[in-house]
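Below: one structure, written as structure tokens.
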Amino acid sequence: MSQLARYSIRSRSLGLKPLTSQLRFNSNSSGENTTHFGFKTVNKDDKEKLVGGVFSSVASNYDIMNDAMSMGVHRLWKSHFINRLDAGMRPGSNRPLQFLDVAGGTGDIAFGLLDHAERKFNDVNSTMTVVDINADMLREGEKRYQASKWNDGSDRVQFLVQNGEQLDQIEDNSKDVYTIAFGIRNFTNIQAGLNAAYRVLKPGGIFACLEFSQVDNPAIDYIYQAYSFSILPLMGQLIADDRDSYQYLVESIRKFPKQEEFKSMIEKAGFYVPEKGYENLTFGVASIHIGVKL
């Protein structure tokens, strides 16, 4: 059993398997009142509105956008992420889990987690709260929910418009599993978001983040950057008539902290980071980060 399992999973009825250039703009630093929006420097008070505009623009084509940005591989990453967490109420337990999916938008991670819990553990009692700061993204998730098997009258799934840096409608020590996929890099204050994650998780709870990351191999990174900066904005223009949003999304990946730096930020929030703390996917194009609230 992994060190993480010894510290948390058994006590919380969770399961977690062991963790097995153009320009590098990775700094998250900025002035006291400014931050980055892609490669631009903007007032902190303006970033939330600017990011909101991007995701309102791409909401109806969000899966197409992720297909373009990952060449379709994001679907495999998300499946691996869900299987890796292996979360669900274990047979014999009488305590359903409380899931929180932040920046959950279209609901693919949330529904995938519930499906895994039911399929593997026959868990039909654990609950899911899906939050997103963008109401347009959340509406896409609610549409999918209305047409899904989860819309069964049980009210197991709840949708809330929430700022992930605050989560002011989520009580302290109330959630067993916090997930966020391809969302935290868009936060104005990433550390505040991590601090909020720590606050709302119960002792023994799991923080799990899937995010675009940084490729270490120079040759692979060169190819990836050429694709990202040359092809993706053009695809955004052709697919969604929205070059600027795709340009921002590419730039936001380059501004996101490298794996070791982000791991340190998770630890700074108070989490125990097991083993290496992250798993690179597809040469580091994306990474899974894990933290445990002890």
Query raised in the report: What is segment 215-257 by shape, rounded, prolate or oblate, if you read a ≥ b ≥ c off the alpha carbon gyration tensor as root eigenvalues and call it rounded for a/c under 1.5, prolate for a/b larger than b/c, and oblate otherwise?
Result: oblate
Query raised in the report: Assigning unit charges at the beta carbon (Lys, Arg +1; Asp, Glu -1) and nothing else, what dipole magnitude in debye, to the nearest 20, does segment 205-288 show about its Cα centre?
Result: 120
Report summary line: Note, Pro257: beta-carbon cut-off 10 Å, +1 each Lys/Arg, -1 each Asp/Glu, net +1
Query raised in the report: What does the accessible area per residue of segment 173-294 come to in Å², with a 1.4 Å probe and no ligands, DNA or RNA counted?
Result: 33
Report task. Of the listed pairs Lys255/Lys276; Lys120/Lys202; Lys120/Lys255; Lys120/Lys149; Lys44/Lys175; Lys202/Lys268, which have alpha-carbon separations greater than 26 Å here? Result -> Lys120/Lys255; Lys44/Lys175
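The values are calculated or read from the model by the stated rules, or taken from the named source; none is laboratory data. Being a predicted model, the structure only gives us computed values, none of them experimental. Neighbour counts run over all protein chains shown; Cβ positions are idealised from the backbone, glycine included. Side chains are part of the model used for accessible areas, which takes the heavy atoms of the whole protein and leaves out ligands, DNA and RNA. Shrake-Rupley method; radii C 1.70, N 1.55, O 1.52, S 1.80 Å.
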